[in-house]
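The values are calculated or read from the model by the stated rules, or taken from the named source; none is laboratory data. Note that the structure is a prediction, hence the values are computed from the model and not measured. Every residue, glycine among them, receives a Cβ derived from its backbone with ideal geometry; neighbour counts consider all protein chains shown. Surface accessibility is based on the protein's heavy atoms, side chains included, excluding ligands, DNA and RNA. Shrake-Rupley method; radii C 1.70, N 1.55, O 1.52, S 1.80 Å.
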Amino acid sequence: NMSPDADMNGLGGALRFRPIPYIAIEGAVELLWGTDYNGFPRFEQALMASGLFYVNPRSSVQLYGIAGLGGGTAFLDSGTTPDGLPVLRDETYSYVGGHIGIGVEGRVTRHFALGADLIGFLRWRNDRHATDNPEFVDPATGRTTNTSGGGLLRLGATFYW
């Protein structure tokens, strides 16, 4: 069951190369922190590479699709459950995955734009303990998985030169 306190926040930075008006390539570093699905304090760092595909690149408000791949690491404090019971779990997880979404960017000036995108992601835990110690266990059925997904709303500013 999902913790009622589950909530993550983050901050990131990206470099975007736009070789032609319809396509951009972006590399990003993102940091996230908060309480995870299981109720544990969690910190994540991710590296992401994305392609952006602009629908109307000559407009002052531009729509785009975004898709890419990423990898990351999560660190969690899992010494006890939210009920205070001890838990023996790994505290560092590694992931690979992909994301896809849509976005909008509005030019404020010729060299500055504000934007937002909404992406969904799917990722797989792939560290050395993933098989022996899965991240998610359904206590009712005993079913386990190391696959997780979610969504991100990202707000940003882009400087063009």
Given the protein chains as shown and a 1.4 Å probe, how many square angstrom of residue 33 are accessible, to the nearest 10? 110
Mean separation of Cα pairs under 8 Å and 6+ residues apart, divided by the residue count of the range 26-161: what relative contact order is that in percent? 18
With R₀ set to 41 angstrom, the calculated FRET efficiency between the beta-carbons of residue 141 and residue 104, to the nearest 0.05, is 0.50
Out of 114, 47, 122, any idea which swings most in a Gaussian network model of the chain, alpha carbons joined below 10 Å? 114
Full extension from residue 133 to residue 91: what is 0.36 nm times the residue separation minus their Cα-Cα distance, to one decimal in nm? 14.0 nm
Label corresponding to volume of the Cα convex hull per residue in Å³ when calculated from the structure given, among (1) 101; (2) 113; (3) 173: (2)
State the percent of C-alpha pairs, over all pairs in the range 114-161, separated by a distance greater than 18 angstrom. 53
Rank 129, 99, 111 by accessible area, highest first, at a 1.4 Å probe radius? 111, 129, 99
The long-range amide H neighbours of residue 136, using H built 1.01 Å from N in the peptide plane and a cut-off of under 5 Å, are 145
When the Karplus curve 6.51 cos²θ - 1.76 cosθ + 1.60 is applied with θ = phi - 60°, which whole-Hz ³J(HN,Hα) does each residue of the range 141-156 get, with x for Gly and Pro? 10, x, 5, 10, 7, 10, 9, 9, x, x, x, 10, 9, 10, 10, x
Given the options 68, 142, 98, state which has the largest fluctuation in a GNM of the chain using a 10 Å cut-off (strictly under) for Cα springs. 142
Could you order 127, 138, 132 by accessible surface area, starting with the largest, using a probe radius of 1.4 Å? 132, 138, 127
Choose one answer from 35, 141, 92: the residue with the largest mean-square fluctuation in a GNM of the chain with alpha-carbon springs under 10 Å. 141
In order over the range 27-33: 3J(HN,Hα) from phi, Karplus 6.51/-1.76/1.60, θ = phi - 60°, whole Hz, x for each Gly or Pro, gives x, 9, 10, 10, 10, 9, 8
